[in-house]
Structures are given as structure tokens and as C-alpha cells.
Amino acid sequence: MAVGFRFRDFIPDENPEKGFDTLFKLFMQLVTITSGDVSEALQWLNELDKQYGLTNDEYGMGDFIEDLKKKGYIDENEQELGELKITAKSEQLIRKSALEEIFGKLKRGTQGNHRTPHAGQGDELTTDLRDYQFGDTIEQIEMTESLRNAQLNHGLDGNYLLTEGDLEVRDTEHKTQTSTVLMIDISHSMILYGEDRITPAKKVAMALAELVKQKYPKDFLDIIVFGNDAWQIEVKDLPYLQVGPYHTNTVAGLELAMDLLRKRKTANKQIFMITDGKPTCLKEPGGYYKNSFGLDRKVVNKTLNLAAAARRLKIPITTFMIASDPYLQQFVREFTETNQGKAYYSSLKGLGSMIFEDYKRNRRKTL
């Protein structure tokens, strides 16, 4: 009997199941794009229903809204009567959905299980095997692999031996804590030219926050946004984050990020910066200094000075530049060289996976 795969043309279901789950997945995506505006999300959902027939005579949009209320996903806004708002339950689910969408479904790990490159007498077993070394404990010895080695090396006759050279051990790694500041650019350019750049940035931030909460609960993650100024936000604020009519004050963002990290007593500290443009703004005693035309040397020099200051504090900065202009890339290269950090020139599609991999990679070393 032949074993294999049989392929055929995919024929979509002409009568897909209609109900709460189908509508809910779309609603959660839309409420993220609309920055938590439930009314606008429902209007878009109604338009999609008209175009694609998402509801039927048995289950309509009114039923869906009532189910959202009953299940605790939306509620009446006490301050604005008649207006709907998402609940804390929805906020948490949006973060979890972002984590699954961007990073995949991750298994919950042991608390505080970041890794440094110091292998040997560590805190947690890895998947790596190595030869036995003096000082390894009995608990580390992999008996199945060691016995197999003895059989291969000495045979199964009367002279069967298990020697030190046959032993293999499961390697371990030390754990470490990490403090990370994620900087998100909310200047006006994040929605210019018909491209929504802020929604992917929000999703990455929510996914990273949920990842830290689930898998690395002993780590610290602070999130700041920067436009004309910079300020810290809470994780629960992320679904509502919007772009403003702002310039890009990268200096203010870096100053706030470094202030936050100075207060953390962890060995590993780092800054992730998501931006799509050049620094164009400074705050001065008399107001704001702004210049959106080209790279202003006054603004650039202050930005580079902070990159150097972060390097002296052993705080690497990883820049995720979601723009392809050659002169902007040249600035990012100069900024990265000054800080001795890293830079990625990313499309929005690959942003999340790159940040996740970099986050994990930096946990394996003391920066």
C-alpha cells in the first residue's frame, strides 16, 4: 500500500459558518486599528457584513453586539452615555492576539528564565548535549545517551564498560534579568502616504508586553512614545494609541528611556526604537526647535550625543527603521555606529519577528 499525500484544488466553503466567533475575530482586529473606538469598529464591521455577508437571518449584528456585552468584552461608557468602550478583558485579549499573530503560540516558561552565554553550572537545562567534564553533577548526566555511547564504543559482550568518555551531560545556562525600554514614534509621518504604520507598531508593543508577562515575568518592560515630547504609557494604554500632529523629538525619547533604565538594577539594559523618520524637533527653554527639511545638524548632533552617552552607560540601542530613504538610512548607520548598537531596515510585515528574535538573543548575554 503506497503512503503519501494526495493534493486537490482548494474549494472554499460557499456557506461558511456564521456566528459570534467569526465576527469576533474581525472585531478585535478592527478595534485595534481604530485605537479602541468601538463605534467606528462596528461601523466597519457593518460595511464588511454588507460586502461579504458575515451575518444571516439566524444571527445578526444586533445579536453580536449583545453577545459582546454579555461576555464582558464591551460596556457602556459611564462618562459618555450611549457610547460603547472595550473592557479590561478585551484589552488583555488584544495583547494575547497580537502575541499569537506576531510571535506564534508560545509555551509558558519558568519565571525569570532569560539566559546568558555562561554555560555549565547553570540554573536551567537546555536541549544541548556535551561531553562530561569534571565538576558536572550526576543529575546532569543523560543516562540513555551515555549507555548508547558505551554500547557503540565497547559492544555488548562480557567486557561491557561504561567509562567517563562515554558520558554525556545536558548543558545548563544561567538566568538573568533584563530591562527594556520600547520607544514608539507617534509623529504624523506614521500615517502619511496612505500607509498605516502605527497599528503594526502597536501590535508589536502589545505582543512584546504579553511575551514578557507570560515567559519572562521577572523582566522589566517600559513603553514610551515620542512626538514633539516623550512620555511613558502603560501597557493597558496601547490599544488606544494614536498618531498626533507631531514632529519627531528623538532626543526627548532617548532622554526619558535612559532615565528609566538608570533606575533599574539589572545587568542587562537595552532600548528598542521603532521609527519611520529622522529627528526633526528639540525642546528648548523658549519652545520647540523644529526643522522637517533634510537632516538638521543641530538636531542630529544632540541625537548622536545621546547615542554616545547610552554607549557609555552600556545601554545598546536597536533601531527598527520602517523607511527606505537612503539619506535616512545613512543617519541610522551613523547613529548605530556611535552607540555600537544595531539597526534593522524593516518592512512592517517582518517587524514583530525581528524584535522578538533580537529580544531573545540579547537575553543570552550580559550587555
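So the values come out like this:
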{"item": "Yes/no for Tyr289 being modelled with pLDDT of 80 or more and under 17 Å from Ala230 (Cβ atoms)", "result": "yes"}
{"item": "Strands (runs of 3 or more DSSP E) fully within the stretch 158-227 counting 1 or more residues that are small (Gly, Ala, Ser)", "result": "178-185"}
{"item": "Long-range neighbours under 7 Å by Cβ, at least six apart or interchain, first residue farther than 17 Å from Val251 by Cα within the stretch 324-342, second in a helix (DSSP H, G or I)", "result": "Gln340/Arg311; Lys342/Thr336"}
{"item": "Pair list, Cβ under 8 Å, 6 or more apart: the stretch 234-246 residue small (Gly, Ala, Ser), other residue open to solvent by 50 Å² or more (accessible area, probe 1.4 Å) and assigned to a helix (DSSP H, G or I)", "result": "Gly244/His188"}
{"item": "Segments classed as strands (runs of 3 or more DSSP E), wholly inside the stretch 233-337, with at least 1 members that are of a type outside the set (Lys, Arg) and surrounded by fewer than 17 Cβ atoms within 10 Å (Cβ to Cβ)", "result": "281-284, 287-290"}
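One line per residue, one yes/no per condition, for (1) modelled with pLDDT of 85 or more; (2) not aliphatic (A, V, I, L, M):
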| position | (1), (2) |
| --- | --- |
| Asn159 | no, yes |
| Thr178 | yes, yes |
| Ile198 | yes, no |
| Met206 | yes, no |
| Leu221 | yes, no |
| Lys236 | yes, yes |
| His247 | yes, yes |
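The values are calculated or read from the model by the stated rules, or taken from the named source; none is laboratory data. Since this is a predicted model, take the numbers as computed values, not measurements. All Cβ positions, glycine included, derive from the backbone under ideal geometry; neighbour counts span all protein chains shown. Only protein heavy atoms, including side chains, enter the accessible area calculation; ligands, DNA and RNA are left aside. Shrake-Rupley method; radii C 1.70, N 1.55, O 1.52, S 1.80 Å.
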